[in-house]
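Working notes, beginning with the structure itself.
What follows is calculated from the coordinates using simple rules that are stated; it is not laboratory data. Being a predicted model, the structure only gives us computed values, none of them experimental. Because the Cβ atoms are built from the backbone with ideal geometry, glycine has one as well, and the counts that use them run over all protein chains shown.
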Amino acid sequence: MANLETSYLGLTLKNPLIVGSCGLTGNIESIKRILVHEPGAIVLKSLFEEQINADIHKNILQNTEISAEAETYISSHIAHKNISDYCNLIQECKKITNIPIIASIHCIDVDEWITFATKIEKAGADALEINASILPFDERLSSYEIEEQYFTLLEQLREHVSLPIALKMSYYSSSLTHFLQKLSWTKHVQGFVLFNRFYNPDINIQSHEIGVSNIFSSPQEYTLPLRWVAISSAKIESDICASTGIHSAETVIKMILAGANAIQIVSCVYQQGPEVISSIKKTIIAWMKTHQYKTINDFFGKLSATKETHILFERNQFMKYYGTVE
């Protein structure tokens, strides 16, 4: 029998499939349905400071004739309840499963990052995913200034928590591999998730309104993280988790061959149900048997961007000669 066990962030996973942060991982009943199919780990739905602030603002607007003291109380109460509920979810999950439970947070204020992280660690989370991707829309900020925000955040978090940290990355970077390597050298972060899936605005040409597009990923999108998993895994020491566009066992296998320690799936779980986890694992085991691989390590990183294959991942233009490698 093939052994799917792997390691990510210093944690032992029974298999490389991680159900990523989403609505399905935001409540205990939905998580129970996922656990039936035994993923390697679960990332809880992200705790967003922005959402908490929006809830506070909405509540205050509904109470127009309240004092400043009451406003402060409402703000404090809503913030405390959101964080408390999140910590309770962690504790509930830890009672019903022994697979790693990874918390996920996104904050605006540095103090809140620390507050959220310390409470999450006390609640018993096995690791922390930092959902800190910064969209480089501000023309006043250089790439150096944007990158420095990551270094500062990770340094301050590491001063207050000992949890393994994974940084969920954006592909918007002027020198992504160099940036990842520098972050890895700090030892503040144990892994990188490639990549964060952003909210994508769209325009309705009939109503002239701005809306949302492409909530779910498509199977074709995997090629972007595949390239960077292969390049990064060959050049940095930290773990790599592939994310976005991963809908099948075949794509999972490709990511492991490229050097991914773990793989996050979300859209396919929404579209095919939690059963897809068992289906993917079954297909991976069959493929491993066909190719006579007994463990994940037997083919892990076999097609990363090494001396022999790097040009196929580093090329930016089509060229017939570099279309494949044997």
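Computed over the stretch 80-152, the range of Cα coordinates on each principal axis works out to 48, 26, 18 Å, biggest value leading.
Would you please give the FRET efficiency between Thr290 and Tyr270, computed as 1/(1 + (r/R0)^6) with r the Cβ-Cβ distance and R0 = 25 Å, to the nearest 0.05? Rounded to the nearest 0.05, the efficiency is 0.25. Extending 7 Å from the Cα toward the beta-carbon at both Asn200 and Ser162 defines two label points whose distance is 4.3 nm.
Electrostatic bookkeeping for Lys182 treats Lys and Arg as +1 and Asp and Glu as -1; over the other residues with beta carbon under 14 Å from its beta carbon, the sum is -2. Count Lys and Arg as plus one, Asp and Glu as minus one, and take only other residues whose Cβ is under 12 Å from that of Ile28; the net charge is then +2.
Modelled spin-label separation between Thr306 and Thr177, with each label point placed 7 Å from Cα along the Cα-to-Cβ direction: 1.6 nm. Modelled label positions at Lys282 and Gln91, each set 7 Å beyond Cα in the direction of Cβ, lie 3.9 nm from each other. Listed cross-link partners Lys14/Lys289; Lys81/Lys122; Lys14/Lys235; Lys187/Lys282; Lys187/Lys302; Lys94/Lys235 are compared with a 28 Å cut-off, the Cα-Cα value being larger for Lys187/Lys282; Lys94/Lys235.
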